[in-house]
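Worksheet for the structure shown next.
The values are calculated or read from the model by the stated rules, or taken from the named source; none is laboratory data. Quantities reported herein were computed from a predicted structural model and do not represent experimental measurements. Cβ placement follows ideal geometry from the backbone for every residue including glycine, while neighbour counts extend to all protein chains displayed. The protein model used for the area step is the full one, side chains on, heavy atoms only, and it has no ligands, DNA or RNA in it. Shrake-Rupley method; radii C 1.70, N 1.55, O 1.52, S 1.80 Å.
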Amino acid sequence: MKTTHILLTLLIINGICWAQEPPEQEVDTTEIRVVYGANFTKDEEQFPGAFIFSKDEKQVQFQHQGADLWCDIAIHYQKENQLRAIGNVRLQQGDSVELTSGNIDYDGEIQLAKAYKEVILKNKTMTITTDTLYFDREKQESYYQDFGTVVDSTNTLTSEIGRYFMEIKKAQFLDSVHIDNPDFTLDSEQLDYYTNSKNAYMYGPSTIIGDAYKMYCERGFYDTNIESGYGIKNTRIDYNNRIIEGDSVYFDKVTEFASATNNITVTDTINNGVIKAHYAEVYKAKDSVFATKRAVSISLVELDSLYVHGDTLMVTGKPEQRILRAFRNAKFYKTDLSGKCDSIHSKQQTGVTQLIRNPVIWNGENQMTGDSIHLLSNLKTEKLDSLKVLENAFIISQDTIGKLGYNQAKGKDLFGKFIDNELKYIDLVKNTEVIYYMYDELDLIGVDKTICSKINIVMANNDVQDLTFITNPEGEITPQEQLPEANPKLKGFVWRGDERILTKDDIFDEDDNNIELVIINGVNNPIDTDAEEEERLLNENDPVNNITPEAPKEPDRKSKFPTKKIKISKSDQKISGKASAKALPKKEN
């Protein structure tokens, strides 16, 4: 009886001690310390070796290495330095991190907390909600593997798997990553995000959809604050009425500007035109495109592609009012018509294409030159309608039968008419002259040299079928052997056959074909400018010669984000094993 009384007294005293503030003394800071135990008991059958605490007016409170934990019930394994907190759990780390949940398993040896049931983790810049969260206090990292949501002042991010680095305020997401923003949405397979800068780094197939744009890439960067970024792998931006594709594509919503580098295609979705180049800029407000480095515009003319090239291409104007300009060394090609000049100006609204400065065109075997050449299209059918060669018009073709010389016709101006995109009729006017090799089948009759006011030429299969001299023609047909020269030429004759463009590839010079493409940095992974800035600041603040000790290397990306669910470390197995054997209530097993 006496012994029983002594034991009861000791238990009462012990319970009072747990409920009171412990006296100031030197303690082991590595151990989980009881701050307020409230009601105390033990259950050796179910929780052998554990101290069990439950709340009274106040919650149970523990402390460990700068963190405080409150809960309704606590199962404390003092020897193992482990704790299971149950009911309305709150873990506070300083004034910056707060973790609340239904339960927390905490291992003080490795400072790892496993929180589950309606988990919320907050710091000054973001909030994580999930069903199960691991908080590694030693590394200052938290991670989940069964879907979570991260919310900051700008964005709401969700993913199946996520990890957050407290010190650098960086989140890494994997599998079904989604960002909701009032102005856009972003979906990705894998993404890094900084809650301070709001910068996102995309490491897998990713799609961003805004009010007036859509961007896809498989590697890229995006500033979610200002809706600006770039893609550097399989990138495509649908922007206004254009699709921009290239090795590297940059986009900025505020300035309404996009640019692309290397292997670029810009598609006009309304007019079905395409520009290809190795550098291009798109200005949405001006509805314009600037392209250079092997730049070519490709458009469809009556089931035949028209290729226009220049050192620089510019397309400006609204869809129905496009103006195409090709500057310096301009050339064009379609199956039966090609040409070159210093610059080309083509206006969709009028259907007029001007070849400016030293122009030459080839229609079949016919070379035409003049001070200025205009090609006119029918606005309704969009077929070639007519041709104007103004001032010093000259048409030349080789004598294709006898190969003896050149057929030639010149005048002040030349006017041609296309039928079904084929040059059919030509009128030469004012001071016209002709040299023409006349044949009776394959027998040469002679060379016709005539001067008159106007010449009408009828073409068939891009060759002269009929010549008509109008208004006071003066001339004669002279046998070949009686000609004063073997190969007569009219004044101003210049044959430019070696410049003739025979294929669409001929519009490019050697310099165009030997362009060295810009090296795109970060193709395997986007350049993490946030990490670079963090390293720079560390270097500046280092007191010893501005040399920063080597920062801990991040775990391998694959180990952080496997395609299968993460099997959490031995530390978690230690807690779970302990709880299942002697700490968890049977109903929770």
Next item on the list: From the P(r) of segment 185-248, can you give the percent of Cα pairs sitting at distances over 21 Å?
Entry: 15
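Could you work out how much longer the chain between Asp252 and Asn487 gets when fully extended? Use 0.36 nm per residue separation minus the Cα distance between them, nm to one decimal.
On the way: separation 235, 0.36 × 235 = 84.60 nm, distance 6.26 nm.
Here the segment from Asp252 to Asn487 would lengthen by 78.3 nm.
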Check: What's the Cα-based Rg to Rh of the chain, Rh via Kirkwood?
Finding: 1.33
Check: Going from most exposed to least, what order do Leu186, Leu517 have by accessible area with a 1.4 Å probe?
Finding: Leu517, Leu186
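Once the Cα gyration tensor of segment 337-462 is found, what semi-axes does its equivalent ellipsoid get, as square roots of 5 times the eigenvalues, in whole Å, sorted largest first?
Over the Cα atoms of segment 337-462, the semi-axes work out to 27, 16, 13 Å.
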Note to self: Probe radius 1.4 Å, ligands and nucleic acids left out: which of Phe327, Phe508 has the largest accessible area, and how do the rest follow?
What the structure shows: Phe327, Phe508
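Which shape class, rounded, prolate or oblate, goes with segment 392-485 when its Cα gyration tensor gives a ≥ b ≥ c as root eigenvalues, a/c under 1.5 marks rounded, and past that a/b bigger than b/c marks prolate?
Working: a/c = 2.02, a/b = 1.26, b/c = 1.61.
Oblate.
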Checklist line | Rounded to whole Å, sorted largest first: equivalent-ellipsoid semi-axes of segment 71-176, Cα gyration tensor | finding: 23, 14, 13
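Taking the convex hull of the Cα atoms, report for segment 240-396 its projected area averaged over all directions, in nm². Don't jump to the answer; show the numbers that get you there.
Details: hull surface 35.5 nm².
Hull-based average projected area comes out at 8.9 nm².
Determine, for each peptide in 531-538, 344-351, the mean count of other beta carbons within 10 angstrom over its residues, then list the peptides with the highest first. Walk me through the numbers before you get to the answer.
Details: 531-538: 13.1, 344-351: 18.1.
For the peptides 531-538, 344-351, the packing ranking is 344-351, 531-538.
Å³ per residue of the Cα convex hull, for segment 147-239? Working shown, then result.
Working: hull volume 7.3 nm³, N = 93.
For segment 147-239, the hull spanned by Cα atoms encloses 78 Å³ per residue.
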Next item on the list: Would you mind checking the pairs Lys388/Lys489; Lys253/Lys340; Lys340/Lys412; Lys424/Lys449; Lys347/Lys489; Lys403/Lys424 and listing those with alpha carbons more than 29 angstrom apart?
Entry: Lys253/Lys340; Lys347/Lys489
Checklist line | Residues in segment 312-341 that a label on Gln349 would reach, taking backbone N under 20 Å of a point 7 Å out along Cα→Cβ | finding: 314-326
Next item on the list: Could you check the simple spin-label distance between Lys403 and Ile451, using points 7 Å along Cα→Cβ, in nm with one decimal?
Entry: 3.4
Checklist line | Rg over Rh [alpha-carbon atoms, Kirkwood Rh] for segment 261-339 | finding: 0.95
Item checked: FRET efficiency estimate (nearest 0.05) - Cβ-Cβ, Leu379 to Gln480, R0 51 angstrom -> 0.60
Check: Considering only protein heavy atoms, what per residue accessible area in square angstrom results for the chain with a 1.4 angstrom probe?
Finding: 51
Notebook entry, point to check: What whole number of Å gives the distance from the Cα centroid of segment 248-272 to the Cα centroid of segment 86-137?
Noted result: 45
Notebook entry, point to check: Which value in deg cm²/dmol, rounded to the nearest 500, describes the helix-derived mean residue ellipticity at 222 nm for the chain, given -39,500 (n - 2.57) per DSSP H run of n ≥ 4 and division by the residue count?
Noted result: -2500 deg cm²/dmol
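Could you work out what % of the accessible surface of the chain is carbon and sulfur, using a 1.4 angstrom probe and leaving DNA, RNA and ligands out of the count?
Numbers: 14860 of 29790 Å².
Ligands and nucleic acids excluded, carbon and sulfur reach 50 percent.
For the chain, which DSSP H helices look membrane-span-like by this rule: Cα extent along the axis of 20 Å or more and mean Kyte-Doolittle of at least 0.5?
Numbers: long enough: 2-19 (26 Å, 1.31).
Correct list, ordered by number: 2-19.
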Next item on the list: Please give, to one decimal in nm, the separation of the simple spin-label points placed at Glu516 and Asp56, each 7 Å out from Cα toward the Cβ.
Entry: 8.2
Margin query: Distance between the C-alpha centers of segment 317-394 and segment 215-243? Whole Å please.
Written below: 36
